[in-house]
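Bear in mind that the values in this text are calculations on the coordinates, not laboratory data. Because the structure is predicted, anything quoted here is derived from the model rather than measured. In this analysis, Cβ positions are derived from the backbone assuming ideal geometry, glycine residues included, and neighbour counts consider all displayed protein chains.
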Amino acid sequence: MEEELKCPVCGSLFKDPILLPCSHNVCLACVRNITVQTPEGETPVQSRASGSSDYDYLDMDKMSLYSETDSGYGSYTPCQLKSPNGVRVFPPANHHRHCSLTCPLCHRSVSLDERGLRGFPRNRLLESIETRSNQNSRASAPAGVMCTIVTRVSSGATRPAVPLAKAPLVLPPQAPNREAAAAPGGAASGGGGQLPPATARKPATCVDHEAENFSMYCYSCKAPVCMKCLEEGKHAKHDVKTLPMMWKQHKCQISQALNGVSDKAKDAKEFLVQLKNMLQQIQENGVEFEACLVAQCDSLIEALTRQKAKLLTKVTKEKEYKLKVVRDQISHCTMKLRQTTGMMEFCLEVLKENDPSGFLQISDALIKRVISSQDQWVKGALEPKVGPEFDLTLNTDSLLQTILQLDFCQVESGPSVPPAPLLQLETCCARNNSATLAWRATVAPVSPIEGYILELDDGNGGQYREVYVGKETVCTVDGLHFNSSYNARVKAYNAVGVGPYSKTVVLKTSDVAWFSFDPSTAHRDIVLTNENQTVSCSSYDDRVVLGTAAFSKGIHYWEVRIDRYDNHPDPAFGVARINTMKDMMLGKDDKAWAMYVDNNRSWFMHNNSHTNRAEGGIAKGSTIGVLLDLTKRTLTFYINKKQHGPTSFDNLDGVFVPAVSLNRNVQATLLTGLELPKTTQP
């Protein structure tokens, strides 16, 4: 309670406290320090002091500033000086007539009228509480203890003075007190060190009518008033009630409010005990959990160490094998080289022989021996049987990503959303323009998992989109862009809600396209063999077959080789939409862009429009190349690796699939995964 009895300006216990309109209290002497004078006819303006707040211990951003219009209080004016308590005060000024003061706590300001400071009532209740507090403090001091003189300083702190001798406390002689003598029990006799009772306070008088006591309470102004205030003052037309009735009513309200505050204070004490106990529990659990984590990591390290030893054994065996093979080869080659060298030296000595008959006796056998020696050094005999490189590749990517994904799983006691799934990196892969992803649940939630949601970005770091929703834990996504890196993530959901995302995995599609003909979309007269790479037709009419790849960006090149070409048909090659017509030549509808060619010349065709006739045809063994550049949005054709005609089509936009149309007089094989033609390299 001591803080409630201290002035916010000087920091000492209240002395002659006055009550401001904002319900805060200030010492009468301190009121003069927070009063500022403004020029006559000028209204004080609310503002903030430049560079700092006007009260160092208050946050200006949290203050509520009120104007005279909306609050009934005056204006706030910055001050420059500081009181001993650190609060800025206003200096006295001359040549001014109007005054205002600002509450140091709430910053509400009020203008003083002609009564000046007398217009503010004294807080007699606060004075009474302070007096009782001082009396209780003195009465509770035991006799026979060291007496200490306490002096009060301007900051509100206390300091001990010189201690006096230890002696029983004896009250000085007093004049007889009639009221005290009449009290029961002889409390005024001074026996037992008891203090005289406090003098009864005089009834409070009205500020506007000093001769009148407060007798009524103005309900509109929330203040006690006298009868003259009701008869002739500003409260004449206000709603008023008797002072005793409002006194009892407000006491009852405060008591009820205190009961609620008391309950909250009790809860707060219990909560503090709980928090202090939790500190110890956190310390103990933290040490235990750290030990468990270290043990788990040590176990993983131990397993990795064992596996490292096994791998090192394999490397050692491979090294010993290579060393043995090379040593054996060195020994064998050294022996043969020694034999060959000895034979060569012998032959040189034979060549020096001058006796023809003796030379011819051994020359035939020697010639055969030399030729046989040459045959021993056949191709490969002088090549190492093993290389210095080790054909052992240790793939640590999946393990490293798994280690990086190590994290704590949140285990809930009640129903909860599923935890983040774990992507199975050893299974996740990208092939061609398809990506396969697999995942599993890490910890079984209380509520069973109902399904998963798989998301991929656009392959260019853009926004994610849902590509699968269901109960399966493996999904293959087709139709992705080639030469692109996709970020994938998955989350689980149940009846409670959707759980968090898994770690993100990056999958890179192939740089070039590998694909085949698609039997599911081909015309029924189309015949596919050679793992759907070779196409023929059972009809004399042209039929269309599409590829399994779809392109929407990038540069792509493929070829079609003519395996059989009878009776000069005119097959067509190019690209199409997935819903192009399959029972007519490619390019006759508006969903295909093609070049059709015979043995002498070719044409470009789209929407049955024939353009750009070019000389030069095809035969058995010819190759037709198709270059789809979706960066420039163009389509270009090649025959036998050379560009045929101008750029066929431009302004292409959308998704395209490779396409071919032919009849029974043609058989062709699809060639994919090829590099771009040299003349078109970017």
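Stretched out straight at 0.36 nm per residue, the stretch from Ala495 to Ile403 would grow longer than its current Cα-Cα span by 30.0 nm. Computed over region 526-680, relative contact order equals 35 percent, with contacts defined as Cα pairs under 8 Å that lie 6+ residues apart.
Pairs from the list Lys553/Lys641; Lys632/Lys678; Lys471/Lys582 with a Cα-Cα gap above 27 Å: Lys471/Lys582. Please label the shape of region 297-437 as rounded, prolate or oblate, based on the square roots a ≥ b ≥ c of the eigenvalues of the alpha-carbon gyration tensor (a/c under 1.5 means rounded; beyond that, a/b larger than b/c means prolate, else oblate). Verdict is prolate for region 297-437. For Ser372 and Lys319, the FRET efficiency from 1/(1 + (r/R0)^6), where r spans their Cβ atoms and R0 equals 41 Å, is about 0.65. Summing +1 for each Lys or Arg and -1 for each Asp or Glu, what net charge is found among the other residues whose Cβ lies under 12 Å from the Cβ of Lys234? Counting the neighbours of Lys234, the net charge comes to -2. Straight-line reach from Lys317: taking Cα to Cα under 18 Å and skipping same-chain neighbours fewer than 8 places apart, the lysines in range are Lys308, Lys385.
With a Förster radius of 56 Å applied to the beta-carbon distance between Glu472 and Val261, the computed FRET efficiency rounds to 0.45. Scoring 482-489, 1-8 by mean Cβ neighbours within 10 Å over their residues and listing the highest first yields 482-489, 1-8. Protection proxy ranking, highest mean first, for peptides 349-356, 646-653, 490-497: 490-497, 646-653, 349-356, where packing is the per-residue count of other beta-carbon atoms within 10 Å, averaged. Based on every Cα atom in region 418-508, Rg and the maximum pairwise Cα distance Dmax equal 12.9, 42 Å. The residues Cys297, Cys206, when put in order of fewest to most other Cβ atoms within 10 Å, stand as Cys297, Cys206. Exposure proxy for Trp603, Trp514, Trp439, Trp247: other Cβ atoms within 10 Å of each Cβ, ordered fewest to most, give Trp247, Trp514, Trp603, Trp439.
Please list, or write none, the lysines whose alpha carbon is within less than 22 Å of the alpha carbon of Lys234, excluding same-chain residues fewer than 8 places away. Cα-Cα hits under 22 Å: Lys222. Reducing region 287-357 and region 98-116 to their Cα centroids gives an inter-centroid distance of 100 Å. With neighbour counts taken as other beta-carbon atoms within 10 Å, the residues Met584, Met605 rank, fewest first, as Met584, Met605. For region 245-376, the C-alpha radius of gyration sits at 3.54 times the compact-globule guess of 2.2 N^0.38 Å, with N the residue count.
Extending 7 Å from Cα along the Cβ direction at Thr647 and again at Asp239 yields two label points whose distance is 8.6 nm. Quick check: from the Cα gyration tensor, does region 526-680 come out rounded (a/c under 1.5), prolate or oblate? Rounded. Report the FRET efficiency, 1/(1 + (r/R0)^6), for Asp590 and Thr393, where r is their Cβ-Cβ distance and R0 is 56 Å, rounded to 0.05. It comes to 0.65. Straight-line reach from Lys324: which aspartates and glutamates have Cα under 16 Å away, leaving out those fewer than 8 places along the same chain? The reachable aspartates and glutamates, counting only those whose Cα sits under 16 Å from Lys324, are Glu383, Glu389.
A straight line joining the Cα centroids of region 518-539 and region 221-243 runs 106 Å. The stretch between His250 and Asn608 holds 119.2 nm of extra length on full extension. This uses 0.36 nm per residue minus the Cα-Cα distance.
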